[in-house]
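Shown next, in structure tokens, is the structure this report addresses.
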Amino acid sequence: MAITDQVVDIKYRKGKSIALEASGTLQVSYRTRYQKGHRDLDGALHLDVDIRTFSEPLFSLQVPTQLLSLPAYHHAYLLQEVSNTLAMHLDVDPQINYFVALHIASQATDLLTKAHPFGYSIAAEVELIDIEKLGADNDDDEDGEDFGTCSVCLEDFSSTVGSTIVRTDCAHFYHESCILPWLMRQNTCPTCRSQICE
């Protein structure tokens, strides 16, 4: 039984700013990526499908000028505005939504403190990556024993019946509760260090 879950990757680039006075401008776009693989007779996993959509503009936000001199209020304003706007436009888990909003607000605030009094202009691209998931207690021919050990928590999948197992695009398996926090901090596979979120 295969289901999918979403992981997020965020890329930044400097936006184009032609303002003559201090300003804080944020442009957010998004794209999706779907990956699916199969297991051959000798147990090796192969990536069959890697589909990406083109980047689409999601929203733009102009920070009120009076907040540019108050980094704490600037951060809180962006956190709330980005989180609310993402919730309106994208159907993602609230935890992922908060992570994206926090990451964008922190990046913008860091730029503001370095560039003040000139402000900033950045563009953020959010990529939502669907990752195939398998249940450890499913009744297919894929037992938890076939997957081995989660290299994050070092527990055998066979000893954690009922937990959700996630397969990355590089064909490694992890507990969902282990790999999702890892991917929110780093964009590489814990086992082979290949890039999961480009």
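The values are calculated or read from the model by the stated rules, or taken from the named source; none is laboratory data. For clarity, every value in this text was computed on a predicted model and none was experimentally measured. Here the Cβ is made from the backbone with ideal geometry for all residues, glycine too, and neighbour counts use every protein chain on show.
ALA87: among the aliphatic types (A, V, I, L, M), free of Cβ contacts under 8 Å to residues at least 12 places away in the same chain and either part of a loop (DSSP other than H, G, I, E, B) or farther than 22 Å from PRO57 by Cβ (or both), yes or no?
So ALA87 does not fit the description; no.
If you go through the stretch 172-187 one residue at a time, do you hit one that is over 26 Å from ASP91 (Cβ atoms) and at pLDDT below 80?
no
Just give me the residues in the stretch 149-198 being more than 20 Å from TYR34 (Cα to Cα), crowded, with 16+ Cβ neighbours inside 10 Å and not hydroxyl-bearing (Ser, Thr, Tyr), in sequence order.
Within the stretch 149-198, CYS150, PHE157, CYS178, PRO190 qualify.
What do you reckon, is LEU67 surrounded by 15 or more Cβ atoms within 10 Å (Cβ to Cβ) and modelled with pLDDT under 60?
no
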